[in-house]
Structure formats: C-alpha cells, structure tokens
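**Q** Shown below is the structure under consideration.
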Amino acid sequence: MEPDTKRRKGTEYDTDLWDVLPVLSDEQSRDTKLLDAYAAPITEKRETSRLVKELAVVYPLPDLQHIKRVRARKDKNAPHPLEVIVCLASDVSGLESQRSTLADLLSSKTIDSRGLGEPFLVQIPASPPLTRPQFERASKHWPTSFHEDKQVTSALRGQLFSSSEKAKMGEYMNAAIQAARSGHALGMDAVGAVIVDPQSGQIVAVGHDCRQGTHPLHHAVMVCIDLVAYTQGGGAYEYEKYPACRYSVPESQVTTSHDDLSKEGNHCSSDKAMENGQLYICTGYELYVTREPCVMCAMALVHSRISRVFYGAASTDGALGTKYKIHCQKDLNHHFDVYKGVMLQACEELLDLK
Amino acid sequence: MRGQAGGAAGFLQPPDSDVQSWMAKAFDMARDALENGEVPVGCLMVYNDEILGKGRNEVNESRNATRHAEMVALDQVLEWSRLKQLDPKEVCKLTVLYVTVEPCIMCAAALRLLHIPLVVYGCKNDRFGGCGSVLDISSDDLPHTGASFKCISGHRAEEAIEMLKTFYKQENPNAPKPKVRK
Ligand SMILES: [Zn+2]
Ligand SMILES: [Zn+2]
C-alpha cells in the first residue's frame, strides 16, 4: 500500500471504506432458474456408461449441455454412489402421478433398464452458471460445468482493483465531488462528473449539473460529454458561467491550440483521428460520476462509446443498475463495464444536499 | 398506425392533413441530414400550430453523439420559451413532436423529462428505439423521470427506413463515402 493512502486514513481517500463492485447483467446476477427432472440411482456401477449412452438417445437434454448427467453422492454411506438424470419432468408431462416409477418413465422407450433404481424428483439448473456465486448456488441442486471468468469472480469479491488503483479512482471521484459542490453553490443539484483518459491518467473534462437557469437537460454527464466534444473541435453549449465545468485537450491527442477550438474552428486534426478510428467521441475514456446516471445520460454514454463508468451512489430511476442496465442491454451496439460504490459515503452525502 | 392518443395528448393531435404537412417538413430535415453525412433523422416541435423547433442530427458536426434531431429541436423550444418568458415545462406540455424515426432511448428520456405529451413518428428504430423497440421509456413507470408520453407511429415509415438504409450503406467502408461537411 502506498504511504500516501495510509496517511489519509479516515478521510475520503481511505480506500478501505468503500468497495468497487461490478454492476452485472441480469443474466449474471439473478438466481438460476431450476427445472424439475427425474434422477435414479445406478445400482450396478459397471452399467453406468451404457446407461448414460442409452439415456442420451431416448431422453437427450439438448439445451442443458452444462448439466452433468451423472453425479456422485456426497454421502459416503449411501447405498448407491452414483445417480443419473433419467429425463426432465416436462419430457413425461403426460404422466399423472408425481411419483412415477421407472417403468412409467421408460414405458415407450427402447432401453435396457438393467442397473437403474427407482426414480425420484430433483431440480436441475436450467442455464449454465455465469458467475462463481451462480455456480455455487447451482451446484447445491445438481452438478454443472462452469467456465469461470476470473475477472468477474474477483470483481464480485471487490478484489479486482489494487489499493493504488482505488486511490487513483478516489482522486477522480473527488474531482467529481468538488465539481458537484461548486454546482451546488450555484443552486444546482449536487452531481458532478469527470471524464478521464485512462491511457495518460489525464482528466479530459469536468462537469456538474447545470439544470437551474440554463437548460433542464444539462445533467452533469451531458455537460461532460459536450466538454469532450470541445476537445475534438466541436461542442454545442457555452459554459462560461460555470468555471468548474472545464476541459483540457489530452496531450496525446493534438497540438491544436485552444484558439482553434471554437465551433467554426479547424477540425482537420480531429477529422484525421476520427478517420483512423482512434477517436470517436468518448472511445477509450472512462467516466466517474457521483450518482448513477439517469436513462438519458446512460444512453448518451452508449452513443458516445464510453469504455467504463464508475459511480458512487445509486439513484431511484438509475439506468446503470437500478431500473435498467443499459450498459449491457441486448440489441444495443455498444456495451461497457459499470462499477459502483466508489467513495460511496461522500457521494451519498451529496444526495442529501438541498 | 399504433398507439391510442388519449387525454391531453389526444386533444393535441391535429387532423390527418396537418399531420401530413408537419411530417413532410420533418422529412425535409432528415434529407438535409443525409446530404450532410449525418444519420437521416429530422423532426419538428409544434405548439399551438406554430413550429417552435426544427432539428436534424448534427452528431458529426458537433463531435457530440447526443446531438440528435430531437435534442436540437428541444433547444429551440427552450430558447423560444425563454424569450417569451414562459415556463418551458408549460410550453412543452402542449407541444407535439413530429419525427421521422422512433426516438432513441436517450431522446425518449429527454422528452419525458420535459413533459412532451405526444410523439408522432415514422418508422421503428430497431437499433436504439426508446418507445418500444429496444426499451419502452415512453410508457415505463419512471416516477423520477418526468411524465410518460403517447406515440402514434407508422407515418411514411417505408420512406424513413429507406433513408436510413441509404445512410448505413454509405457508412460501409466499401461503399462510396458520403459528403461530410467540413
Ligand atoms: Zn441524467
Ligand atoms: Zn435520440
């Protein structure tokens, strides 16, 4: 740990006070759905591979590739150490009784049931587990295969980022918090945002909510996006009245002086960069914002091709986790990772400012 | 056409002949966008039979991916309200948006935030649509995101789709480059 971080113990920079947690898709975070199935003990172990082969023919489980057909009983004293899935309950939905016998299940099938005991109902996971918590929950019901994404696993444990990375995040979020306070002093909602170029570590734009007085849609994120446009020779609005809203052209980007960046200015260098595909608005940039973005702002970030978003506090109609997860919405052409909880307490305190 | 415009929104909906002439103007805007290398979407904001705002996409021009036709036109409505010293929200509550393509998720949220009650649009927006195609921001329960709004869709839909197709064909690197305003 850096000595600098230690010295600030107990302050907002104390990276032990908050966790950076991923905002995963519903598929990754929900409880896995379960299906009713019939399993049966294998009473003669040497029949196992033959039974598995024959069952796969008469009762294939095509959408359940993740399910292991045979499981070992954990209980060492169990009379039969292995159990096999015979079929899904839906495969034999014509059967009236919940207590079907082996003969019921296999009546119309050509299979040698030698070595199979009487069936019983189990529940098996309907879809493959995507995260370790889902895998652990699924395994309680029936064993499944699992292709682990190590990054997601460590993100869910709050261990994806080192303490020095967290300290850096804290710095960016602190800049957003300062902007929020500046805005609040001018009568705005206390929301601040910062756009960062992670390659250089440089802050490209800082903005705060500017709704009161100027424009009801000037949420902090929208302001930041427009300030980034200024660094590329564009931009749509004026922010002179708000000194805390500012931008700086990334060193890596251009040698253009600020005088050239007026709306009618020379776009040549940016045009070239855009043609090379290096620079489409917010491509490669990261956003830090004190409060979870609303639908408008979240979709504006999709349109702007932001690469990652970090926010502090959740918000009621929030679109990056609370109400929607627009960053992983199917059908949209751009997706990005979202993390929440950065300097959570300081960001939540801003929500209470009236 | 889809959607029942009831209540205030129904009251605001003009007769078919008017809808046609407003939409014709929105299509003119969309064509202007296409000719300038922008996604061909055009729109009109109409209040008491008066056009308060006209917009077309200006994303490339402004280097700002949020400069959709609707956002551009909303700016003009807000400016008009400011000059007339009217409460923009009261003006928006009586303003109808005519737009060639279903508003995207972002614009649908912006329209909600400003209490626009009625949107008349041409074709669906399968890529980004916020009025039912990808998400249903126009009518979902979002108590902190303004007010829901009604939609009437389908006016000159094929023509709107054709324009989008023309644009995306141009965007293909193997196709001839569009004329981009420098
Ligand atoms: Zn917002
Ligand atoms: Zn839009």
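**Q** With the cut-off at 18 Å, tell me which of the pairs A:Lys45/A:Lys140; A:Lys74/A:Lys140; A:Lys53/A:Lys109; A:Lys45/A:Lys74 have Cα atoms farther apart than that.
**A** Result: A:Lys45/A:Lys140 exceed 18 Å.
**Q** How large is the Rg to Rh ratio of the stretch A:90-197 when both quantities use alpha carbon positions and Rh follows Kirkwood?
**A** Values: Rg = 27.5 Å, Rh = 19.9 Å.
Here Rg/Rh amounts to 1.38.
**Q** On a 1.4 Å probe surface of the protein chains, which of A:Leu332, A:Leu34, B:Leu12 comes out largest in accessible area, and what is the full order?
**A** A:Leu34, B:Leu12, A:Leu332
**Q** Go through A:Val52, A:Ser108, A:Pro125 and say which Cα lies farthest out towards the positive end of the charge dipole of the stretch A:34-126; charges sit on Cβ, +1 for Lys and Arg, -1 for Asp and Glu.
**A** A:Val52
**Q** Continuing with the same structure: What are the ³J(HN,Hα) values, in whole Hz, obtained from phi via the Karplus relation 6.51 cos²θ - 1.76 cosθ + 1.60 with θ = phi - 60°, for each residue of the stretch A:332-343 in sequence order, with x given for Gly and Pro?
**A** For the stretch A:332-343, the Karplus curve yields 7, 8, 9, 10, 8, 7, 10, 10, 10, x, 5, 6 Hz.
**Q** Right, another one. Return P(r) of the stretch B:85-173 (all Cα-Cα pairs; 10 Å bins starting at 0; whole %; ordered from short to long distances).
**A** 18, 44, 26, 10, 1
**Q** With a probe of 1.4 Å, find how much accessible area the protein assembly as shown has per residue, and write the answer as a whole number in Å².
**A** Value returned for the protein assembly as shown: 47 Å² of accessible area per residue.
**Q** While we're here: Would you mind computing, in nm to one decimal, how far apart the modelled labels at B:Ser17 and B:Arg127 are, each placed 7 Å from Cα along Cα→Cβ?
**A** 3.7
**Q** Calculate the dipole size of the protein assembly as shown relative to its Cα centre from +1 charges on Lys and Arg beta carbons and -1 charges on Asp and Glu beta carbons; express the result in debye to the nearest 20.
**A** Rounded to the nearest 20 debye, it is 1280 debye.
**Q** Angle check, please: helix B:69-83 long axis (alpha carbons) against the longest principal axis of chain B (alpha carbons), in degrees 0 to 90, nearest 10.
**A** It works out to around 40 degrees.
**Q** Another question, if that's okay. Scaled to the compact-protein estimate 2.2 N^0.38 Å, what is the alpha-carbon radius of gyration of chain A, rounded to two decimal places?
**A** Dividing the Cα Rg of chain A by 2.2 N^0.38 Å gives 1.37.
**Q** What does the average come to when, for each residue of peptide A:290-297, you count the partner chain Cβ atoms lying within 10 Å of its Cβ? Intermediate results must be reported in sequence, preceding the final value.
**A** Details: counts 0, 0, 0, 0, 9, 13, 15, 4.
What the average comes to for A:290-297 is 5.
**Q** As a test of the formula, what do you get for chain A when each DSSP H run with n ≥ 4 contributes -39,500 (n - 2.57) and the sum is divided by the residue count, at 222 nm and rounded to the nearest 500 deg cm²/dmol?
**A** -8500 deg cm²/dmol
**Q** Do you know the relative contact order of chain A, to the nearest whole percent, from alpha carbon pairs under 8 angstrom that are 6+ apart? Before the final figure, lay out the partial values.
**A** On the way: 659 pairs, mean separation 59.5, N = 354.
The value is 17 percent.
**Q** Taking a temperature of 25 °C and a viscosity of 0.890 mPa s, what whole-number D in µm²/s does Stokes-Einstein yield for chain B with Rh from Kirkwood over alpha carbon pairs? Don't jump to the answer; show the numbers that get you there.
**A** Details: Rh = 16.3 Å.
D, rounded to a whole number, is 151 µm²/s.
**Q** Using alpha carbons only, how many degrees (0 to 90, rounded to 10) separate the axis of helix B:16-35 from the longest principal axis of chain B?
**A** So the inclination is approximately 40 degrees.
**Q** Any idea what % of Cα-Cα pairs in the stretch A:64-123 are farther than 14 Å? Intermediate results must be reported in sequence, preceding the final value.
**A** Details: 1097 of 1770 pairs.
Result: 62 percent of Cα pairs exceed 14 Å.
**Q** Moving on. Keeping all protein chains in place and using 1.4 angstrom, which order do A:Glu171, A:Glu251 fall into by accessible surface area, from largest down?
**A** A:Glu251, A:Glu171
**Q** Next question. Tell me which GluC sites (Glu not before Pro) from the stretch A:13-104 have a DSSP coil assignment and no more than 16 other beta carbons within 10 Å of their own.
**A** Numbers: sites: A:Glu27, A:Glu44, A:Glu47, A:Glu54, A:Glu83, A:Glu96; in loops: A:Glu44, A:Glu96.
In loop regions of the stretch A:13-104 (DSSP not H, G, I, E or B), the sparsely surrounded GluC sites (Glu not before Pro) are A:Glu44, A:Glu96.
**Q** Please report, in whole Å, how far the alpha carbons of the stretch A:38-143 spread along each principal axis, starting with the longest.
**A** 39, 33, 25
**Q** A follow-up question, please. Within the accessible area of the stretch A:34-126, what % is carbon and sulfur when the probe is 1.4 Å and the other protein chains stay in place?
**A** 50
**Q** Just how much of A:Lys166 is accessible, in Å², when a 1.4 Å probe is used and the result is rounded to the nearest 10?
**A** In the full protein context, A:Lys166 sits at about 20 Å².
**Q** Would you compute, from DSSP H runs of 4+ residues alone, the mean residue ellipticity of chain B at 222 nm, taking -39500 (n - 2.57) per run and dividing by the full residue count, rounded to the nearest 500?
**A** Calculated at 222 nm, the ellipticity per residue is -12000 deg cm²/dmol.
**Q** Once the Cα atoms of helix B:157-171 and of chain B are each reduced to a long axis, what angle between those two axes, in degrees from 0 to 90 to the nearest 10, is obtained?
**A** On a 0 to 90 degree scale, this one is about 40.
**Q** Taking a probe of 1.4 Å and counting only protein heavy atoms, give the total accessible area buried between chains A and B in Å², rounded to the nearest 100.
**A** Details: alone 18660 and 9420 Å², together 25220 Å².
Protein heavy atoms only, the A-B interface buries about 2900 Å².
**Q** When only C-alpha pairs under 8 Å and at least 6 residues apart count, what is the relative contact order of the stretch B:14-78, in percent?
**A** Details: 114 pairs, mean separation 16.3, N = 65.
It rounds to 25 percent for the stretch B:14-78.
**Q** Relative contact order for chain B: what is it in percent, counting Cα pairs under 8 Å that are at least 6 residues apart? Spell out each step's value before the answer.
**A** Values: 391 pairs, mean separation 40.9, N = 182.
Relative contact order, chain B: 22 percent.
**Q** How big is the accessible area of A:Asp26 in square angstrom, nearest 10, if you roll a 1.4 angstrom probe over the protein chains?
**A** Roll a 1.4 Å probe over it and A:Asp26 shows about 80 Å².
The values are calculated or read from the model by the stated rules, or taken from the named source; none is laboratory data. In this text, all values refer to a predicted model and were calculated from it rather than measured experimentally. FYI the Cβ positions are ideal-geometry reconstructions off the backbone, even for glycines, and counts take in every protein chain you see. Surface accessibility is based on the protein's heavy atoms, side chains included, excluding ligands, DNA and RNA. Shrake-Rupley method; radii C 1.70, N 1.55, O 1.52, S 1.80 Å.
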